[in-house]
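What follows is a short report on a single structure.
The values are calculated or read from the model by the stated rules, or taken from the named source; none is laboratory data. Since the model is a prediction, treat every value here as computed from it, not as a measurement. When we count neighbours, we look across all protein chains shown, and the Cβ atoms used for this are built from the backbone with ideal geometry, even at glycine.
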Amino acid sequence: MDHSHGHQMDPGEAYSTSKLGMWLFLGTEIMLFGGLFAAYAIFRSKYPEMFLEQHRELNREMGAINTCILIFSSMTMAIGVTAIQRGKQKLTSIMLLITILCGFAFAGVKYVEYGAKFSHHIYPDTSIFFSLYFMLTGLHMLHVFIGIAILSTMLVLTMKGKFNQKYSTPVELGGLYWHLVDLIWIYLFPLLYLIG
Amino acid sequence: MLMILTAITVSVSYVDVGIFNIIVAMSVASVKATLVALFFMHLKFEDRITWAFAIFPLVLLFLLIGMTILDTFTRIFPV
Amino acid sequence: MANNTIAEHVYVPFLEEKKGILSWLTTTDHKKIGILYLVSVSFFFLIAGTIALLMRFELLTPEADFVSPHVYNVLFTLHGSIMVFFFIVPGLAASFGNFLIPLMIGAPDVAFPKLNIGSYWLYILGTIILLFALLKPADTGWTFYTPYSANTDTDVVLMTFGVFVLGFSSILTGLNFIVTIHKMRAPGMTWHRLPLFIWASYATAILQLLATPVVGITLLLLIAERTLGVGFFDPAKGGDPVLFQNFFWFYSHPAVYIMIIPAMGVISEIIPVFARKPIFGYKAIAYSSLGIAFISFLVWAHHMFTSGISEVAATIFSFLTFLVAIPTAIKVFNWTATLYKGSIQLQSPMLYALGFIFLFTIGGLTGLFLGALAADIHLHDTYFVVAHMHYVMIGGTVMGFFGALHFWYPKWFGKMFNETVAKVAWFLIFVGFNVTFFPQFFLGVEGMPRRYATYPQEFKSLMSLSTYGSWILGVGILIMTVNLIAALFNGEKAPQNPYGSLSLEWQVPSPPPHENFHEIPHVTDWTYGYGKKS
């Protein structure tokens, strides 16, 4: 057919183009969460005692476990990306699987945490501090689920052999997204759990 | 690298048992974040445009937070 | 059909490439996507404009005799929301940006064509949701401030969700354009050879990308306030309603620059062609687009001078607001300098461009009045603001939009419209616009507040004059629209380059083929070498 898409980009250019696109998207995610961080900063400055007192209700150990889970999953994700860049599909699949399981583990811990809060009658509208807590962790949780969905898709495609050392872009992009999820938690954890 | 990050996390959670300062927490978080960005996300090896778009949102964020705090706390009748 | 019979180079205009509604809705051709946006935004423009005519009709008399005050509130909410979210924010960027950016930089399409059509679907989804919510009805005004929006029983959740989806569309379009401009320029198309419309589109895209998420989170917080009882904006729960305004305007002020910067880009393209002179001060105009975009992030609270923000903050924002006038003025000076000793041809695109310079300057200068703290205390929420914003949005953006329509019409649709009718329409629009909005400056200074269905008798003569103006404006727009649509069917076939432009999009047939360029051009000179003796 004379649909001459003859001006395809060469693979190297297509790769860097897609990566730039993903970094731009991560920028928007930073601005999205940024608004919440701004709200946090303002209300914390206005009500330091409320924050001090109420953050003690949060389970620091669970938060720390979740932090380690996510950092660990970031590592497995990074290993997975390097693996597929070297064409090691099996290793990539394993790493993706571990990352996804970590995501579920994180969700599980949060489920337990939220359950504990609700059983103590602590809800989003209980106070400004808890509004922030639930909004921040809730929005973050949503992104964890989106990340799990993306990585699961990558896992399926990797197992079908769609990626190799010449073409691994989607895995890398998925990885970048997952790292962002980790990055946001890296800030959430101390802000919510550790500010005593 | 991973070990460093985990150790930092653990040490942070110990420190808060005693007297704690939000600046320390934020600095540690920032170090961790920088390491994740530079190495896990390969930012260290990316081109200048990517760096620009990774950093510029942070600048905007400081603006948003800074100016709204400035407003809130210089009002004559604080809310 | 004397088609070129060499196998690889059969010229098929992109409009005839594939037929059928489904192929249009699933196209990844940026030129068709541009048309999809063009048709959609123009449709909503006409609807919201008609609503404005209804509003002005009510304002013909001091009493609320045509519609009740509540209905009037619904009308201005509809007018504002549809104009802002369905027309003017996506408008020029998504329609002309989509069509022109790849052509102007010598690329076959945008960086992410599937994302591009995805953005359009999100746009349509957002408009459906928001329209549904607005018609329920909604009466919060397009700015849906708390505490009213947090407590009223109109469907604010649905409304904000619609805006959220539209915001997503805007973000993805901005992302696409930034990557396209960085990565897909033809060989030799260095940054300093780019047409100024591209610089403008780039600056706009940055705003779309980074400012919109903040209104996204604001909307989520408002939804949380209404559904989960969260109290960030509620003083009774320790929150602050002004915080809503801070977050809202952090986006919405850059948003107004999303509205105007592409129009300025259009003017920078039209003026050199119709003055047959290189643009004066290319780098100044290029960098001023970036400057405006950056400073636009710094001035948001000038919408809040009377909302109870601190004096310290107000002073700083006032100073920054004056700063943003500087890059804008640079553009106006450079356009004017381009005209000097040019060989001016007053065809319809040029008329719109000249109209823009005159009207936008008035709009911009009156913005300075509002930026001055003491004056703003008196003028905030009066008709002075209404006049200012319509001078920049209609006198600015819409003039740019109409100018772009007339300038690139032959390229996009392959037909020529009736130039005389176009000029008549322009004249009616120009006169009608000024008669509608210039009196409003005086009304504002006299104290007439905005968003009111009734008013004291003393304002009747100016209010009526404004309404008569709106009728002239409406007729002008109607004539222009009919002219352009009729030309699709009856117009003469357009030549490749009727206006003698040097820009890349004019070096391909009208309309362009699907892949834009048979061979990617190699660029050796900037776009504005007019008047050179070659």
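A few comments on the model shown:
- Scope region C:276-292; condition surrounded by fewer than 24 Cβ atoms within 10 Å (Cβ to Cβ) and over 18 Å from residue C:192 (Cα atoms); matching residues: C:276
- Qualifying residue in region A:44-55 (condition: modelled with pLDDT under 90 and away from chain C (no Cβ under 14 Å)): yes
- Qualifying positions in region C:485-495 - in contact with a helix residue (DSSP H, G or I) (Cβ under 7 Å, 6 or more places away or on another chain) and either within 19 Å of residue C:106 (Cβ to Cβ) or without any contact (Cβ under 8 Å) to a residue 40 or more places away in the chain (or both): none
- Any chance residue C:263 is surrounded by fewer than 22 Cβ atoms within 10 Å (Cβ to Cβ), of a type in the set (A, V, I, L, M, F, W, C) and either out of contact with any helix residue (DSSP H, G or I) (no Cβ under 9 Å at 6 or more places or on another chain) or within 30 Å of residue C:281 (Cβ to Cβ) (or both): no
- For region C:200-242, a tally of residues being buried (at least 24 other Cβ atoms within 10 Å of the Cβ), facing chain A (nearest Cβ under 9 Å) and assigned to a loop (DSSP other than H, G, I, E, B) returns 4.
- Test: residue in region C:369-383 that is in a helix (DSSP H, G or I) and either of a type in the set (Lys, Arg) or surrounded by 24 or more Cβ atoms within 10 Å (Cβ to Cβ) (or both): yes
- Residues considered: B:12, B:79, B:24, B:17. Of these, the only one that is modelled with pLDDT under 80 and buried (at least 18 other Cβ atoms within 10 Å of the Cβ) is B:12.
- Residue count for region A:124-136, restricted to those that are within 24 Å of the chain's Cα centre (by Cα) and modelled with pLDDT of 85 or more: 8
- Region C:80-136, residues that are away from chain A (no Cβ under 14 Å), crowded, with 21+ Cβ neighbours inside 10 Å and either in contact with an Asp or Glu (Cβ under 7 Å, 6 or more places away or on another chain) or among the charged types (D, E, K, R) (or both): C:100, C:104, C:133
- Residue check for residue C:109: of a type in the set (Asp, Glu) and over 30 Å from residue C:523 (Cα atoms): no
- Only one of C:10, C:39 that is touching an Asp or Glu at 6+ places or on another chain (Cβ under 7 Å) and surrounded by fewer than 21 Cβ atoms within 10 Å (Cβ to Cβ): C:10
- All positions within region C:140-163 that are buried (at least 21 other Cβ atoms within 10 Å of the Cβ) and of a type outside the set (S, T, N, Q): C:144, C:150, C:156, C:159, C:162, C:163
- The set of residues in region C:171-199 being small (Gly, Ala, Ser) and either within 12 Å of another protein chain (Cβ to nearest Cβ) or part of a helix (DSSP H, G or I) (or both) consists of C:174, C:186.
- Any hit, region C:456-476, residues being outside any helix (DSSP H, G or I) and out of contact with any helix residue (DSSP H, G or I) (no Cβ under 6 Å at 6 or more places or on another chain): yes
- So residue C:323, is it surrounded by fewer than 22 Cβ atoms within 10 Å (Cβ to Cβ) and under 21 Å from the mean Cα position of the chain (by Cα): no
- Qualifying residue in region C:53-61 (condition: in contact (Cβ under 8 Å) with a residue 40 or more places away in the chain, acidic (Asp, Glu) and surrounded by fewer than 19 Cβ atoms within 10 Å (Cβ to Cβ)): no
- Scan region A:101-159 for residues that are closer than 22 Å to residue A:38 by Cβ and not in a helix (DSSP H, G or I) and the total you get is 4.
- Residue in region B:59-71 that is aromatic (Phe, Trp, Tyr), surrounded by fewer than 18 Cβ atoms within 10 Å (Cβ to Cβ) and under 14 Å from the mean Cα position of the chain (by Cα) present: yes
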